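Here is the structure we will look at.
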Amino acid sequence: MGTHLPSTEFDGTAVDDQREADAEAVMGQPPAQMVQLLGPDGKLGFDPVFTEYAEKLTAEALRGLYADMAAIRRFDIEATALQRQGQLALWVPLTGQEAAQIGSGRASQPQDYIFPTYREHGVALTRNVDLAELLRQFRGVSNGGWNPQDTNFHLYTLVLAAQTLHAVGYAMGIQRDQKLAAAEAPGQGKESAGKEAAVIAYFGDGASSEGDVHESMVFASSYNAPVVFFCQNNHWAISVPTNVQTRVPLSNRAKGYGFPGIRVDGNDVIAVHAVTEWALEHARQGKGPVLIEAFTYRVGAHTTADDPTKYRQSAEEDAWRAKDPLLRLEKYLRSEGLADDGFFAKVKSDGDELAAYVRRTTHDLETPDIRSAFANTYAEAHPLVAEELAWFEEYSAGFAGGEEPAGQAGKAGH
Ligand SMILES: Cc1ncc(C[n+]2csc(CCOP(=O)(O)OP(=O)(O)O)c2C)c(N)n1
Ligand SMILES: [Mg+2]
């Protein structure tokens, strides 16, 4: 009994390679070819399709990608510290995934619309979301924190994969708006050419097992919707490794739906940028969806409520640290003479400034009046809500000064 179940134990071998070899032998599935341009040694390689896209990145753009990755890593450290100090109820760290997020986010255009999970702080940065606003939800003082219409960056979705359905629905809406606009103003097509919008749906390797992802991909394919599915395969869904979620490379799944699937080195910001730019162009041009699997690693804990030492080995973490996305871009920038010590010192001091801003703003975030939760439940008065509010008022009156217990509104969980 039980021997036919996939093992969840990591035995120190290259699990993905083993699974891919099995898949090839059993089902004739080819192993995934991974697009990589910038290797861990900081040397730039060649790709017949994507080098052309990478060459569009100027020295300034490359420095910008580094600065963004460094900023979001610094922010991550600060937010983790704020949680440890009791200023945030929970934090979801992104360290290790900076290239996957900054590369893809920076490849998007302002008119594109992004549906994140709960870990896409790097993408939020590229969409100009105020990072202090982003912490409101994690402090438990807001259900959202920012207005998605300001940045085309949707609110975080904690229900795994639900946002992939929202994303496909949104993309189908874009298609219909375009058709309507073309019908109402024939001949205007040239003016709007190149400004078409696409959608990116982010999700994780664990979320890929949800039915919502399957339904999203079926709909996206059937309707040729302008959506890019961006799966960050960070190798873990809390304590469950990716090789339990899938017997084939995740990028290969796209074939079954009838659209392109690309595995990219998710720790190579240049390749991620190039592949995402290509995919968004493909979608905007009406050629349909693309699945990108960014092969990366969650270096830290799943959340501040998790302890990864209970389910994985430090040797695995060390192997991935050697593929660090920031380090390899720094090597490249230095060896090509594109950035000097002064640049890296400035990036560091900018990061410290960002951290100080975030710390100050978080401390100043006011706890909303808990009565607003009752007021916002229904558009009109409801007897049940009124009854619950009356109970709450009576309960609060039992405390000194008639106030509710201190910190009650800030105790959110995940
Ligand atoms: C529908 C649903 N089921 C379960 C959970 C609990 N849960 C939260 S995160 C998580 C793991 C997700 O892993 P993955 O999709 O790989 O994303 P990652 O956290 O690694 O970024 C689970 C099971 C949830 N939030 N929603
Ligand atoms: Mg994961």
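The values are calculated or read from the model by the stated rules, or taken from the named source; none is laboratory data. The shown structure was predicted, so the numbers you read here are calculated from the model rather than taken from an experiment. With ideal geometry, Cβ positions are generated from the backbone for all residues, glycine too; neighbour counts draw on all protein chains shown.
The figures follow:
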quantity: Candidates 252, 234 - the one that is touching a Gly at 6+ places or on another chain (Cβ under 9 Å) and within 15 Å of ligand 2 (Cβ to nearest atom); calculated: 234
quantity: Selection status of residue 225, away from ligand 2 (no atom under 16 Å from the Cβ), over 19 Å from the mean Cα position of the chain (by Cα) and either of a type in the set (Ser, Thr, Tyr) or farther than 18 Å from residue 112 by Cβ (or both); calculated: no
quantity: Qualifying residue in segment 79-97 (condition: more than 17 Å from residue 124 (Cβ to Cβ) and among the charged types (D, E, K, R)); calculated: yes
quantity: Some residue of segment 233-243 being surrounded by fewer than 19 Cβ atoms within 10 Å (Cβ to Cβ), under 18 Å from the mean Cα position of the chain (by Cα) and either in contact (Cβ under 8 Å) with a residue 60 or more places away in the chain or within 13 Å of ligand 1 (Cβ to nearest atom) (or both); calculated: yes
quantity: Residue list for segment 202-228, restricted to those being more than 14 Å from ligand 1 (Cβ to nearest atom) and aliphatic (A, V, I, L, M); calculated: 217, 218, 220, 225, 227, 228
quantity: Criterion (basic (Lys, Arg), crowded, with 16+ Cβ neighbours inside 10 Å and modelled with pLDDT of 95 or more) met by exactly one of 323, 310; calculated: 323
quantity: Segment 155-183: number of residues that are within 16 Å of ligand 1 (Cβ to nearest atom) and either in a helix (DSSP H, G or I) or at pLDDT below 95 (or both); calculated: 6
quantity: Test: residue 199 is in contact (Cβ under 8 Å) with a residue 40 or more places away in the chain, away from ligand 1 (no atom under 16 Å from the Cβ) and in contact with a strand residue (DSSP E or B) (Cβ under 8 Å, 6 or more places away or on another chain); calculated: yes
quantity: Listing of helices (runs of 4 or more DSSP H) fully contained in segment 197-285 that carry 2 or more residues being under 21 Å from residue 52 (Cβ atoms) and not hydrophobic (A, V, I, L, M, F, W, C); calculated: 269-284
quantity: Selection count where residues are under 21 Å from residue 152 (Cα atoms), in a loop (DSSP other than H, G, I, E, B) and of a type in the set (Phe, Trp, Tyr), scope segment 75-122; calculated: 1
quantity: Residue list for segment 244-271, restricted to those being more than 16 Å from ligand 1 (Cβ to nearest atom) and hydrophobic (A, V, I, L, M, F, W, C); calculated: 248, 254, 259, 262, 264, 269, 270, 271
quantity: Selected residue [among the β-branched types (Val, Ile, Thr), closer than 30 Å to residue 238 by Cβ, surrounded by fewer than 16 Cβ atoms within 10 Å (Cβ to Cβ) and touching a residue at least 24 places away in the same chain (Cβ under 8 Å)] from 102, 114, 72, 77; calculated: 77
